[in-house]
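The values are calculated or read from the model by the stated rules, or taken from the named source; none is laboratory data. Because the structure is a prediction, the values reported are computed rather than measured. We place every Cβ from the backbone using ideal geometry, glycine too, and count neighbours over all the protein chains shown. For accessibility, only protein heavy atoms count, side chains too; no ligands or nucleic acids. Shrake-Rupley method; radii C 1.70, N 1.55, O 1.52, S 1.80 Å.
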Amino acid sequence: METRDPTALPAWAALRAQAAELASASLHDLVKERGAREERLVIDAGVLRLDATRQLVTLGTLDALTDLAREAQVIELRDAMFAGAHINTTEDRAVLHVALRAPRSSSRVVDGLDVTQAVHEVLERMADAAVRIREGTWHGATGEPITRVVSIGIGGSDLGPRMATLALEALGREGPEVRFVSNVDPVDLERALVGADPARTLVVVVSKTFHTLETLQNAQTALSWLRRSLGPSAEVVRRHVVAVSSNVDAATAFGIDPANVFGFWDFVGGRYSVWSAVGFALMVAIGPEAFMSFLAGAHALDEHFRCEPLERNAPVLHGLVALWNRTFLGAQTHAVLPYAERLALLPSYLQQLVMESNGKSVRRDGAPVTYDTGPIVWGEPGTKGQHAFYQLLHQGTTRVPVDIIVVAEPQAEPADHHDLLVANALAQAQALALGRGDAELAAQGVPEQLWAHKRMPGSRPSSVIMLPRLSPEALGALLAFYEHSVFVQGAIWGIDSFDQWGVELGKELAATLAPYTRGEHDAGDGTLDPTTERLVRWYRSWRSGGAGERSGN
Ligand code: F6P
C-alpha cells in the first residue's frame, strides 16, 4: 500500500486550523455539551467502556479526525493486517498477533502456513505442559514436582507475561510460584531464585530470536545453578528447562530438548507476543482455561476493531484522540494511571508497546516525518501517583493527557477501600478537567494572595477506561484495545509500527564493548572514542579493585 504524506491530506489542514482554537478551549464548556458529543465519545467495546468526553475535541474535531483516518487509509491497512499482508514493510513480514487469539473455527492461511492450525497446536502443547506443572505430574530430575517457575526474557519476551501474571494474580494461587527475570544485572536472577529448590524449579527461556545477550547470559547462569546441585546430565536440562522461541534451531543448539521448545512465528512482534507461547509462564500461573479467556477477550476486541464503523470504534477513538493530543496539541507525554494495584506494570508494558511501535521519525517509504509521532508513555497506579507527580499534572507548565483506568469489582477486602480508590480516580479526572477558579477560592475564604497558587487551571484532557472486573477476558480486551489504538496512530503517521531498528545499534555496541568492560581488551587500544575510553578506564579501575585512575574526575 502506498505511503501517503498525512500532512497533504485535506483533513490534516482542517485539524491544524482547529488545533489553534482548541489548544486554549475550556473543557468546562465542552463537557456541558450533552447529546451527540457524548454519544461519539462514550463507546462500549464488549466489557470495556471508553469515556473520552474530557478530551479537548468538538464534534467538528471528531469528524475531521475520522476523515483523516479514512484519507490515511486506516481501514485498508487494518484489513491488510487481518488478511496477513506484509504490512511490516521494513522487515517484509505479516503482522498477525490477532491470529494468536482467533478461535480454532476461524481459518487463515498466510504465506503457505495454516496459521490457525499452527497456533492451536502450540496452545495445546502449552496447555498440556502447564497442566502437568500445575498438577505436580511434571517431575524434575530427582522426581520432585515443580514449585517454582522462573521465566527469563526481556522486552516483549518479559513485560507482557510479567504484567499479566501480576494483573491476574488472584487466579494464580493454585499453581507454582512464578517469577520473572529480565535484567542482566545478576541481582534480578538472584532475587528470582531466592528460596528456590533446584530440584523443584523449572526455567523458561523466552526469546523470539534466541540471540538476545541478556537473556542468554541469564539462561546460562540459571543452567549452571541447576547443574551445580542436580549434576551435569542431559536429563537436568530436559526436565528443568523449556524454551519459547521462533528460532527453534538456536534453542535446541542451546541444549534444550526440542520437545520442550514452544515455537512462534515471525509474524508475531515481540511486544505483541504475550498471546503466544511467550505467555507460557502466565498460562502456568493462571491455568490454561483462564489463558484461553484472556485470548477470547482480546479476540472480542479484535472483532470490534475490525467490524465497527470508525465513529463507534473504541480503539479508533482512543488512537485518534492520542494522535490529536500529540501531533496537533503538542503533548509530549501520555500518562497511564491505573486505579488498580494489580495493573502496576501496565505503564511499563505500554511504554514498550507505544514507544517501540511509534517512536519513529521516518515514514514507511523512508521519507522523514515533519510532525510529532509517538509520545513518551509513563505512569503509576493511583492513588500512589497522586502523592508524587500529580502536582505537575494539575498545575505544571506541560499538559499531559492521561488515561485513568478503573475496575468496578473490588480486588480485595474490605471493599470500602475500593470505593475510596474509585472516588479518587473520578475526583482526579474531574479536577484535571474542571480545575478550580477564583470565584470558588473566594467562596471558600481563601486569602486573595494565595489564589494564584491555589488556582487550578483545568482543561487538562483525560479519558476514563472502565472494566467491570480484572478478569482474564477484560485484561485481554484492554491490551488489544491499546494495540489497536497504537495501530491507528502509526497508520496515520505513515510509519512502520512493527519494526524496531532503533534498538539495534546499542545492542551491537554492547557486544563490542563487553571485552573492554570485562578487561580482556585494553581501553587504550585506539578503538574506543575518548569518552568511552575514559569511562571504561574508570570502571575497570574500580572493578579490578586497583587504585588505577581513581582521580575522581
Ligand atoms: O530490544 C528490543 C527487542 O528486540 C524487543 O523488540 C524484543 O521484545 C526484545 O528485544 C527481546 O527480544 P527477543 O525476544 O528476541 O529476546
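With charges set only on the Cβ (+1 for Lys and Arg, -1 for Asp and Glu), what does the dipole of segment 502-551 come to about its Cα centre, in debye to the nearest 20?
300 debye
Starting from the Cα-Cα distance between Glu38 and Asp529, subtract it from 0.36 nm times their residue separation and give me the gain in nm to one decimal.
Contour length minus the Cα-Cα distance gives 171.0 nm.
With the Cα gyration tensor of segment 98-286 in hand, give its eigenvalues times 5 under a square root as the equivalent ellipsoid semi-axes, listed largest first in whole angstrom.
25, 17, 16
Compute the helix-to-body angle for 288-307: its Cα long axis versus the longest principal axis of the chain, expressed 0 to 90° and rounded to tens.
Compared with the principal axis, the helix lies near 40 degrees.
Which of the listed residues, Thr147, Ala281, Asn247, is farthest toward the dipole's positive end in segment 98-286, when Lys, Arg count +1 and Asp, Glu count -1 at the beta-carbon?
Checked the options; the winner is Thr147.
Pop the C-beta distance of Asp111 and His211 into the FRET formula with R0 = 22 Å and round what comes out to the nearest 0.05.
E(calc), rounded to 0.05, equals 0.45.
Hey, what angle do you get for helix 115-135 against the long axis of the chain, alpha-carbon based, 0 to 90 degrees rounded to 10?
70 degrees
I'd like the FRET efficiency for Ala17 and Arg191, computed as 1/(1 + (r/R0)^6) with the beta carbon distance as r and R0 of 45 Å, rounded to 0.05.
Plugging the Cβ-Cβ distance into 1/(1 + (r/R0)^6) gives 0.25.
Tabulate in residue order the Karplus-calculated ³J(HN,Hα) for segment 168-177, using 6.51 cos²θ - 1.76 cosθ + 1.60 with θ = phi - 60°, rounded to whole Hz; enter x for Gly and Pro.
Rounded to whole hertz, the list is 10, 4, 4, 8, x, 7, 8, x, x, 6.
What does the charge count near Gly435 come to, summing +1 for each Lys or Arg and -1 for each Asp or Glu among other residues with Cβ under 13 Å from its Cβ?
Local charge sum for Gly435: +3.
With an 8 Å cut-off on Cα pairs and a minimum separation of 6 or more residues, tell me the relative contact order of segment 98-286 in percent.
The value is 28 percent.
Helix 472-493 versus the longest principal axis of the chain: what angle, 0 to 90°, nearest 10, using Cα atoms?
Once rounded, the angle reads 70 degrees.
Thinking of segment 1-145 as a set of Cα atoms, what percent of all their pairs are more than 19 Å apart?
Here the tail beyond 19 Å accounts for 72 percent of pairs.
About the Cα centre of segment 249-332, how large is the charge dipole given +1 on each Lys and Arg Cβ and -1 on each Asp and Glu Cβ? Please answer in debye to the nearest 20.
In total the dipole reaches around 360 debye.
Applying 1/(1 + (r/R0)^6) with R0 = 56 Å to the Cβ-Cβ distance of Ala259 and His521, what FRET efficiency is obtained, to the nearest 0.05?
With a Förster radius of 56 Å, E is 0.85.
Sticking with the crude label model, points 7 Å out along Cα→Cβ, report the distance from Thr142 to Leu59 in nm, one decimal please.
The two pseudo-label positions are separated by 7.3 nm.
Tell me the Kirkwood hydrodynamic radius of the chain in angstroms, computed as one over the mean inverse distance between distinct C-alpha pairs.
25.4 Å
Rank Phe487, Gly524, Pro468 by how far each Cα sits towards the positive end of the charge dipole of segment 457-553 (+1 on Lys, Arg Cβ; -1 on Asp, Glu Cβ) and give me just the farthest.
Highest projection toward the positive end goes to Pro468.
Once you put a point 7 Å from the Cα of Thr397 and another 7 Å from the Cα of Ala170, both along the Cβ direction, what distance in nm separates them?
Placing both labels 7 Å along Cα→Cβ, they lie 4.4 nm apart.
With unit charges on the beta carbon (Lys/Arg positive, Asp/Glu negative), name the residue among Leu48, Ser24, Ala14 whose Cα is farthest towards the positive pole of the charge dipole of segment 1-134.
Looking along the dipole axis, the top candidate is Leu48.
Any idea what the dipole of the chain comes to, in debye rounded to 20, about its Cα centre with Lys/Arg Cβ at +1 and Asp/Glu Cβ at -1?
So the magnitude is around 880 debye.
Extension gain Glu2-Arg469, at 0.36 nm per residue separation less the Cα-Cα distance, in nm?
163.9 nm
For Val362, which sequence-distant residues (separation of 5 or more, or a different chain) have an amide H within less than 5 Å of its own amide H, given hydrogens modelled in the peptide plane?
Val369
Per residue, how large is the accessible surface of segment 98-286? Use a 1.4 angstrom probe and give square angstrom.
About 39 Å² of surface per residue is accessible.
Between Leu450 and Ala25, with labels modelled 7 Å along Cα→Cβ, what's the label distance in nm to one decimal, could you check?
Distance between the two pseudo-spin positions: 3.5 nm.
Compute the distribution of all C-alpha to C-alpha distances in segment 176-310, in bins of 10 Å from 0, and list the percent of pairs in each, rounded to whole numbers.
Calculated over all Cα pairs of segment 176-310, the distribution is 11, 38, 34, 12, 5, 1, 0 percent.
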